[in-house]
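Data first, discussion second: the structure below is written as structure tokens.
Nothing in this text is a laboratory measurement; each read-out follows from the coordinates by a stated rule. Fair warning: this is a prediction, and the values are worked out from it, not measured in the lab. Glycine gets a Cβ as well: all are built from the backbone with ideal geometry, and neighbour counts include every protein chain shown.
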Number of protein chains: 2
Amino acid sequence: MKDFVIIGHKALTTGDFSLNDLPGSAGRMDILCRCINTALFLSHGMRRDINVHLVLLGEPDPGKIIRFNGEQLRYLSPDERSSGSLIKKALEKDATPFESQSTPGVWIRRGGLAKLLGEFTENNRRIYYLHEDGEDMRNTSTLSDDAVFILGDHMGVTEEEEGTIKAVSAGTLSIGPLSLHSDHCIIIILNELDRIGQKQTESQAET
Amino acid sequence: MKDFVIIGHKALTTGDFSLNDLPGSAGRMDILCRCINTALFLSHGMRRDINVHLVLLGEPDPGKIIRFNGEQLRYLSPDERSSGSLIKKALEKDATPFESQSTPGVWIRRGGLAKLLGEFTENNRRIYYLHEDGEDMRNTSTLSDDAVFILGDHMGVTEEEEGTIKAVSAGTLSIGPLSLHSDHCIIIILNELDRIGQKQTESQAET
């Protein structure tokens, strides 16, 4: 499994928003919807080996984590309204510290970045922080198929969050010469991992 | 200037559609909206050196080309409804064989793929066809900053269209081991061009 964590600093924490206004009334929920799309869709199917964790920090009840699990996911189409609708349904449930499923493959609970990072660390997962000042990911030899990637939203990542991430991360990675939106970064990360996977398969076939 | 051409086989050719149902009633217009996003947005601004040409082939009046010009573009936000709304406004204009501007940086006219390809050929532009069977774009040494890239939609590219493209194209390129949505391919193409640009700048600085 690969895991993507996206922090939505303004993303609403109630299902009481309109799918017709994901950027405005839902607190830039459109960004998170596009991250769901880019992390999960292939041309002919879905990436089944991926979890996307949306950390929602907006009003009125900050600190909820919604997890989209590629293996079990159903009812998701590529458009923003579709992922927005599944997020809305998740937020309509009562969130507790324990995950509960709102629709197939979508889970919600209370929590924030520190909780998530703690769990990944306990499971000895390699955590990477995506930032334009990082090392070019094409030069990183340690990228594995079970890596965890942490990304900000339109507001980036706060200083405090950055401290929390860097304390446990295996490194800071950059995706190229220009700074891109988080959903765009995910595409480039996955392309790199697809290429690493292909090389490994080819070298195994040769031996 | 770099140019992206995306063929929308079912994309509606009237502005009479709902922004609440871009995938359904608008004939998978959501795909074209996401291509606009990935071709034009940077984290802190817009790619000004890009044209996106949407070739709309759906009912009721097939054969319209909408061009988004990064240099002049205004009023575009990253969400699907925003580009959908600019497309809708363009389609509400009477289209003639000559371009007319609907909103700043958005142009519409009658025409199809052959017309566009003819114009690029006349201007000695290098045209690339994006397809999973193509050569890995990381191995292509000829990619220039004024290349033209042709992509299909959810239906791919018809046999006839492929013939028309291949007759004038400089090559067929693949973006990696897996087949991806067109909007995702655009991100990978632009990342590769960003990297080529950076290398050129660095080598010029050294000499």
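State, to one decimal in nm, how far the label point of residue A:59 lies from the label point of residue A:198, with both points 7 Å from Cα in the Cβ direction.
The two pseudo-label positions are separated by 4.8 nm.
How far is residue A:42 from itself in the other copies, in nm, if each label sits 7 Å out from Cα along the Cα-Cβ line, shortest first?
3.3
Rounded to whole Hz and in sequence order, give me ³J(HN,Hα) for the stretch B:172-188 from the Karplus expression 6.51 cos²θ - 1.76 cosθ + 1.60, θ = phi - 60°, writing x for Gly and Pro.
Along the stretch B:172-188, the couplings run 10, 10, 10, 9, x, x, 10, 7, 10, 4, 4, 5, 6, 4, 4, 4, 6 Hz.
Have a look at the DSSP beta bridges in the protein assembly as shown and tell me what percent are antiparallel, nearest 5. Please report the intermediate quantities before stating the final value.
Numbers: 34 of 72 bridges.
Given both bridge residues lie in the protein assembly as shown, the antiparallel proportion sits at roughly 45 percent.
Restricting things to alpha carbons, tell me how big the protein assembly as shown is in terms of Rg and Dmax, in Å.
Values for the protein assembly as shown (Cα only, Rg and Dmax): 21.3, 63 Å.
Nearest 10 degrees is fine. How inclined is helix A:159-168 to the longest principal axis of chain A, computing both from alpha carbons?
40 degrees
Between beta-carbons, use under 10 Å as the cut-off and find the net charge around residue B:112, counting Lys and Arg +1, Asp and Glu -1.
My count for the surroundings of residue B:112 gives +2.
Please report the antiparallel percentage of the DSSP beta bridges confined to the stretch B:2-206, to the nearest 5.
Taking every DSSP beta bridge within the stretch B:2-206, about 45 percent pair in antiparallel fashion.
I'd like the distance between the alpha-carbon centres of the stretch A:131-207 and the stretch B:130-207, rounded to an integer number of Å.
Cα centroid of the stretch A:131-207 versus Cα centroid of the stretch B:130-207: 22 Å apart.
Once the label point is set 7 Å along the Cα-to-beta-carbon vector, what list of distances in nm do you get between residue A:207 and its counterparts in the other copies?
Once sorted, the set of distances for residue A:207 reads 4.2 nm.
Can you order the peptides A:75-81, B:95-101, B:109-115, A:187-193 by their average number of other Cβ atoms within 10 Å per residue, highest first?
A:187-193, A:75-81, B:109-115, B:95-101
With Cβ to Cβ distances under 10 Å as the rule, what net charge do the other residues near residue B:32 carry (K, R +1; D, E -1)?
-2
How well do other chains shield peptide B:75-88, expressed as the mean number of their Cβ atoms within 10 Å of each residue Cβ? Each step should come with its number before you reach the end.
Values: counts 0, 0, 3, 10, 12, 9, 8, 2, 0, 1, 0, 0, 0, 0.
Whole-number average of other-chain Cβ neighbours for B:75-88 is 3.
Placing a label point 7 Å from Cα toward Cβ, how far apart in nm is residue A:170 from its equivalents in the other copies, listed shortest first to one decimal?
Copy-to-copy label distances for residue A:170: 3.8 nm.
Skipping prolines and chain starts, which residues have an amide H placed within reach, meaning under 5 Å, of the one on residue A:47, given they are 5 or more residues away or on another chain?
Amide H neighbours of residue A:47, under 5 Å, 5+ apart: A:41, A:42.
Would you calculate, for chain B, the mean residue ellipticity at 222 nm contributed by helices, counting each DSSP H stretch of 4 or more residues as -39,500 (n - 2.57) and dividing by all residues, to the nearest 500?
For chain B, the value works out to -10500 deg cm²/dmol.
Can you give the net charge of the other residues whose Cβ lies under 14 Å from the Cβ of residue A:75, counting K and R as +1 and D and E as -1? Write down the numbers at each step before the final one.
Working: positive: A:74, A:81, A:88, A:89; negative: A:79.
Cβ neighbours under 14 Å give a net charge of +3.
One-quarter of the Cα convex hull surface for the stretch A:2-206, in nm²?
11.6 nm²
Order these by the 10 Å Cβ neighbour count, fewest first: A:121, B:38, B:140.
A:121, B:140, B:38
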